[in-house]
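Below you'll find the structure, written out as structure tokens, and then a few comments.
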Amino acid sequence: MIDSHISDQVFKDALEVALKGQGLKIADRKRVIAYAVNEPIEKRNTMLDNAEQVAREHQATKKASKKVRSEFEEQAALVHWFRKTYPDVWIYANRNGGTRTPREKIDQIREGVLAGVADLFAPGFMLYIEMKRTKGGVTSEAQIAFREHVKQFGYSWILAEGFEDAKEKILIFINGDKNKT
């Protein structure tokens with residue numbers, strides 16, 4: 001237990017020793033300590049008593065912040081935002097991605113599925129949206145060919161690297177600067 005009169009430095013030193021014993025790297029210990037010194041005395045006591053839990057929570061937070069959302073998660077976030085922002089304008093997904101058996105691939109090609117078609121379409125804006133993850137997404141040759149094909153018929157096409165990028169590009173497009181798409 002820490003007395004209220006013990007200095008911040010004594011607390012920092014004690015927490016440093018406790019976190020070091022849990023295997024946290026120096027930079028991570030410094031981050032936790034910088035956060036911890038701003039906590040009330042009661043919480044500081046808990047942090048010292050439960051250094052193992054504090055270390056686990058820090059590692060989990062750090063790991064979660066590094067995770068790149070999948071293209072599906074980015075696209076779902078965009079569709080949710082779009083439908084709330086433009087409730088009278090349809091937006092729908094083209095389900096030409098994913099894994100399939102060889103038989104399913106043949107059947108879908110026969111019924112008209114086409115490689116490269118953009119992930120989303122907003123017909124009211126004549127806008128195709130190709131979604132990618134914020135990191136690691138690659139545009140295929142078929143997607144580039146699709147872009148060139150639809151643009152020659154007056155449609156717009158944007159490539160978005162994640163929800164925030166898509167949202168920004170859609171707002172630019174809708175607010176009149178269609179040359180950037």
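The values are calculated or read from the model by the stated rules, or taken from the named source; none is laboratory data. Computed from a predicted model, the values in this text were never measured in an experiment. Cβ atoms come from the backbone with ideal geometry, glycine included; neighbour counts cover every protein chain shown. Just the protein is used for accessible areas: all its heavy atoms, side chains included, with ligands, DNA and RNA removed. Shrake-Rupley method; radii C 1.70, N 1.55, O 1.52, S 1.80 Å.
Taken over the range 122-143, residues that are surrounded by 13 or more Cβ atoms within 10 Å (Cβ to Cβ) and over 24 Å from Val68 (Cβ atoms) amount to 4.
Looking at Phe72, Phe173, just one residue is surrounded by 19 or more Cβ atoms within 10 Å (Cβ to Cβ) and assigned to a helix (DSSP H, G or I), and that residue is Phe173. List the residue pairs whose Cβ atoms are under 6 Å apart, where the first residue sits in the range 139-161 and is under 11 Å from Gly116 (Cα atoms), the second is open to solvent by 40 Å² or more (accessible area, probe 1.4 Å), and the two are 6 or more positions apart or on different chains. So the pair list comes out as Ala142/Ala115.
In the range 100-122, the residues that are at pLDDT below 90 reach residues that are among the aromatic types (Phe, Trp, Tyr) with C-beta atoms within less than 9 angstrom, at least six apart or across chains, in these pairs: Leu114/Phe146; Ala115/Phe146.
Could you tell me which residue of the range 77-113 is most open to solvent (accessible area, probe 1.4 Å), considering only residues that are under 14 Å from Ile174 (Cβ atoms) and among the β-branched types (Val, Ile, Thr)? If we take residues in the range 77-113 being under 14 Å from Ile174 (Cβ atoms) and among the β-branched types (Val, Ile, Thr), then Thr85 is most open to solvent (accessible area, probe 1.4 Å). Please determine whether any residue of the range 144-163 is within 26 Å of the chain's Cα centre (by Cα), open to solvent by 60 Å² or more (accessible area, probe 1.4 Å) and at pLDDT 95 or above. Yes, some residue in the range 144-163 is within 26 Å of the chain's Cα centre (by Cα), open to solvent by 60 Å² or more (accessible area, probe 1.4 Å) and at pLDDT 95 or above.
Applying a threshold of 6 Å to beta carbon distances and a minimum spacing of six or more residues, or different chains, the list of pairs starting in the range 82-95 at a residue that is within 14 Å of Phe163 (Cα to Cα) and ending at one that is open to solvent by 100 Å² or more (accessible area, probe 1.4 Å) and hydrophobic (A, V, I, L, M, F, W, C) is empty. Just one of the listed residues (Ala14, Ala55) is over 30 Å from Glu130 (Cα atoms), at pLDDT 75 or above, in a helix (DSSP H, G or I) and among the hydrophobic types (A, V, I, L, M, F, W, C), namely Ala14.
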